[in-house]
Amino acid sequence: MGIKGLNKLLMEHCPAALRSSEIKNFGGRKVAIDASMSLYQFVIAVRQADGQQLTNENGETTSHLMGMFYRTLRMVDNGIKPVYVFDGKPPVLKSGELAKRKERREEALKKIEELKQQVEDGEEGEETKEAQEDVTRFEKRTVRVTPEQNDEAKKLLTLMGIPIVEAPCEAEAQCAKLAEAGKVYAAASEDMDTLCFGSPVLLRHLTFSEAKKMPISEINFAKILEGLEMTHAQFIDLCILLGCDYADTIRGVGPQTALKLMKEHGSLEKIVEHIEKNPSGKLKVPENWPYQEVRALLQAPDVLDSSSCDIKWNNPDVEGLVDFLVRDKGFSEDRVRAGAARLMKQVKVKPQARLDGFFKVMPKEGGEKRKADDKKTKGKKPATKKAKK
Amino acid sequence: MLEAKLNEAALLKKIIDAIKDSVTDVNFECSETGIDVQAVDSSHIALVSLKLGSDGFSDYRCDRNITLGIKVASLVKILRCANDRDALTLMADDNGDQLRLTFEDSKSERVSEFVLKLMTIDQEHLGIPDTKYESDITMPVDAFQKIMRDMFMLSESVKISCDKEGVKFSCKGDVGDGSVLIKPSSSVDDEGSTTIAVETPVSMELNLKYLNNFCKASGLAQNVHLGMSSEVPIMVEYLLPNGYLRFYLAPKIGDEDEEDEDDD
């Protein structure tokens, strides 16, 4: 999932690209959200106090709907216009990673069986309690979003009047393309892959629970390239070196080495050449390393043309929501109606424009005497925290 | 270094009080010609632009340009320590990390000195085109403030429409609707007269929370000046002796296909 160590690398080398801010600062923005990622989070995180999933009276899981409904409402309340993008077929190259995940899941399942046995056999006491906790922990590892849950989420969003886009392949790639085409302001995903796909802005933690009080982290792609002094293509190569979902890494290459190699050689071809020329060196390129295919996939992912995506926010279907959530899924009617009213309100309110749509940011270099001043102020110690502007 | 003296601390106190609810951190850009401030609120909807020309100070000296990064809430605290009639002096070294403020009473019997720690504020500077507005309205500050306050009780946003007849403020709320029409005054010389210059009629919808924050500048001038052109942020301007305090607010925008708002 994602790219290993990239976040840390960015914090070290281009802190200017990262900015954390509150959710309300994104009011008036359209954002494309990686729905599959969010659903997965919800299924894992939205649980009862005892760690059990939320279910309706028939025992069907409702965690995903709960998460989708309330976290989407939270965004809408803050004036954000979300578009959810769903995964299509996984790319062939990901099969290796997917197989690994499946293996891990099966392992966890086995472990659960063992532990459950232990719980049954065991006496009352600390050990049994621990085993029970372990069961919950391993159960979380077996979690996956079923196709039914996916469909239910889509149904819910449609009833809420929130647009959805079905990506032909990876959702995060589609999000990035929508952002690149200017259809939305940013892509929201936890997956750093999204940056490889060229999303000008990536938002993380947008769909997290309010209770976590996690600030939203806004990552600016142009500033990353500036900070790392790389082209987009080189950045993709760097991510492949760091390790992504699609290919193994070169053993012994961590974030620091990866960056160093990229800076020295400039491209994966040159790096591979360099390593092969020095067989005495510690590094070894994996056999059949499909880096060229991975790069092709990251550079030109399978996505829908953004202009063909119909993105429109509609009025919520209140009765439909009540029917679905209350009658089928056992939600509280009052709360669903209150939520629907909140959606209604936002549809009625005219969206607020932002100043950056009218006033252009002045380039710092050209800005008369500003640059000289900036240098001077750099010397100052921030009196309190650094302003997050 | 910077050394700037105001005969009365009240001016700066009022200015800072007027912007403290709109912006949290601001850069004071000090140069030969005076002090400029531009700051955007955290949601990027409103902008504060302040100009204090060097002639507005009783003493002003700034040999090299200095940027003073100031946390507004902290400056408010320090300015509370000054009496309105005190003479106020701002002092800062070229590479210093602090701003010194002294307050002196008129009989020179008391001198207070405070030091404000500065911070580095990385803020984007927005270019505001200096265009002529399609509609220009000048009206007394208290009339404007009352309308804004009244409308805010009913609704979150106000629609301001301006044509040759006058300027109309209207709002729609859950409890009901309301509107106020202000016509241009017949004689311009009257205290508290309203003048309206319309080139093209303009109408826009604006968030009242922000407008009410702007109204906190009402103590700074007799009149407020509204500059409006369709599809651009409104300018709310208070003229100062040798400068101005301007607020810009981005309008609410109708979605392309949302012209049917009147039927509900």
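The values are calculated or read from the model by the stated rules, or taken from the named source; none is laboratory data. Fair warning: this is a prediction, and the values are worked out from it, not measured in the lab. Because the Cβ atoms are built from the backbone with ideal geometry, glycine has one as well, and the counts that use them run over all protein chains shown. Remember, those area values only see protein heavy atoms, side chains included, never the ligands or the DNA or RNA. Shrake-Rupley method; radii C 1.70, N 1.55, O 1.52, S 1.80 Å.
For region A:232-292, the list of GluC sites (Glu not before Pro) that fall in a loop by DSSP and count at most 14 other C-beta atoms within 10 angstrom reads A:Glu287.
For region A:59-65, putting each phi into the Karplus relation 6.51 cos²θ - 1.76 cosθ + 1.60 with θ = phi - 60° gives couplings of x, 7, 5, 10, 3, 5, 6 Hz, in residue order, rounded to whole numbers and with x for Gly and Pro.
Sum -39500 (n - 2.57) across every DSSP H segment of at least 4 residues in chain B, then divide by the residue count to get the 222 nm mean residue ellipticity, nearest 500. Each step should come with its number before you reach the end.
Details: 4 runs with 40 residues, N = 264.
Helix contribution divided over all residues of chain B: -4500 deg cm²/dmol.
Our coupling estimate for region B:221-232, obtained by passing each phi through the Karplus curve with A = 6.51, B = -1.76, C = 1.60 and θ = phi - 60°, is 8, 6, 10, 10, 10, 9, x, 10, 9, 5, 6, 10 Hz, Gly and Pro reported as x. Here's the picture: charge each Lys and Arg Cβ at +1 and each Asp and Glu Cβ at -1 in region B:2-117, and of B:Leu90, B:Ile70, B:Ala18 the one pushed furthest to the positive end of that dipole is B:Ala18.
Loop-located chymotrypsin sites (Phe, Trp or Tyr not before Pro) across region B:25-127 with a Cβ neighbour count of 10 or fewer within 10 Å are lacking, with loop assigned by DSSP.
Backbone amide hydrogens, once placed in the peptide plane, bring B:Gln98 within less than 5 Å of B:Asp93, B:Leu118, excluding anything fewer than 5 places away on its chain. Helix B:141-154 and the longest principal axis of the C-alpha atoms of chain B enclose an angle of approximately 60°. Remark: spin-label model distance B:Glu231-A:Arg105 equals 5.0 nm, labels positioned 7 Å along the Cα→Cβ axis. Close amide-amide hydrogen proximity is noted between B:Leu126 and A:Met362, each under 5 Å apart and 5 or more residues distant or on a separate chain (H modeled in the peptide plane; Pro and chain starts excluded). Here the relative contact order of chain B, from alpha carbon pairs under 8 Å that lie six or more residues apart, stands at 20 percent. The calculated Kirkwood hydrodynamic radius for the protein assembly as shown is 28.6 Å, given to one decimal from all distinct C-alpha pairs.
Could you compute the FRET efficiency for A:Glu333 and A:Lys312, with r as their C-beta to C-beta distance and R0 at 22 Å, rounded to 0.05?
On the way: r = 28 Å, r/R0 = 1.27.
Here the calculated transfer efficiency is 0.20.
Distances between placed amide hydrogens fall under 5 Å for A:Glu170 paired with A:Gly88, A:Asp302, all partners being 5 or more residues away or on another chain.
Any idea what the relative contact order of region B:135-228 is, in percent, if you count C-alpha pairs under 8 Å spaced at least 6 apart? Please list the in-between numbers first.
Numbers: 182 pairs, mean separation 39.9, N = 94.
After rounding, I find 42 percent.
Extending 7 Å from the Cα toward the beta-carbon at both A:Lys360 and B:Glu32 defines two label points whose distance is 2.8 nm.
Chains A and B together bury some 4200 Å² of accessible area, summed over both sides, with a 1.4 Å probe. Modelled spin labels at A:Asp323 and B:Asn7, positioned 7 Å past Cα toward Cβ, are 7.6 nm from each other.
Across region B:168-177, coupling constants 3J(HN,Hα) worked out from phi with the 6.51/-1.76/1.60 Karplus curve, θ = phi - 60°, read 10, 9, 9, 9, 10, x, 5, 7, x, 10 Hz, and Gly and Pro carry x.
Rounded to the nearest 0.05, what FRET efficiency is calculated for A:Tyr70 and A:Leu98 with R0 set to 35 Å and r the Cβ-Cβ distance?
On the way: r = 30 Å, r/R0 = 0.86.
The calculated FRET efficiency here is 0.70.
Counting only other chains, and only Cβ atoms inside 10 Å, what mean value do you get across the residues of B:128-134? Intermediate results must be reported in sequence, preceding the final value.
Values: counts 5, 3, 0, 0, 0, 0, 0.
So the per-residue partner count for this stretch is 1.
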